[in-house]
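Only one structure is covered here, and it is reproduced in the block below.
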Amino acid sequence: MVREPWRKTGTAEQLHRALMDARDEALAALLVDVTHPKVEALYTSWGYRKVGEDQPFPDSPVYAVMIANLPLD
């Protein structure tokens, strides 16, 4: 989460990339609630791709499963 004064400035992406660049894994994975298509589109713009959907528990939301190769392009 980025505080209001820094939203829409690229700060969130810079922070995310800095965290991911420090990782040794080949892939990063995340879940996005499918009722938030703008969040899914944001991660897509950062290099993630949707590979499926999952509902981990019967009472949980359905999530888009997204992965990206590391380091992020």
Exercise for the section: Assess whether A41 counts as being under 12 Å from the mean Cα position of the chain (by Cα), modelled with pLDDT of 95 or more and surrounded by fewer than 12 Cβ atoms within 10 Å (Cβ to Cβ). Expected result: yes
Completion exercise
So, first residue free of Cβ contacts under 8 Å to residues at least 60 places away in the same chain in the stretch 1-21, second residue surrounded by 15 or more Cβ atoms within 10 Å (Cβ to Cβ) and part of a helix (DSSP H, G or I), Cβ within less than 6 Å, six or more apart or across chains; the pairs are V2/A12
Practice task
Select, from P37, P5, P71, the only residue that is in contact with a helix residue (DSSP H, G or I) (Cβ under 6 Å, 6 or more places away or on another chain) and not hydrophobic (A, V, I, L, M, F, W, C).
Solution key: P71
Problem - Residue, nearest to L72 (Cα to Cα), within the stretch 11-34, restricted to residues that are exposed (fewer than 11 other Cβ atoms within 10 Å of the Cβ) and of a type outside the set (A, V, I, L, M, F, W, C) - result: D21
Exercise for the section: Could you grab me the full set of residues in the stretch 18-37 that are under 11 Å from the mean Cα position of the chain (by Cα) and more than 13 Å from I67 (Cβ to Cβ)? Expected result: D33
Exercise for the section: Just give me the residues in the stretch 34-73 being more than 17 Å from L15 (Cα to Cα) and small (G, A, S), in sequence order. Expected result: A41, G52, S60, A64
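When the residues of the stretch 54-73 are filtered to those that are small (G, A, S) and in contact with a strand residue (DSSP E or B) (Cβ under 8 Å, 6 or more places away or on another chain), which remaining residue is nearest to Y43 (Cα to Cα)?
Out of the qualifying residues, it is A68.
The values are calculated or read from the model by the stated rules, or taken from the named source; none is laboratory data. A quick note: this is a predicted structure, and the numbers were derived from the prediction, not measured. With ideal geometry, Cβ positions are generated from the backbone for all residues, glycine too; neighbour counts draw on all protein chains shown.
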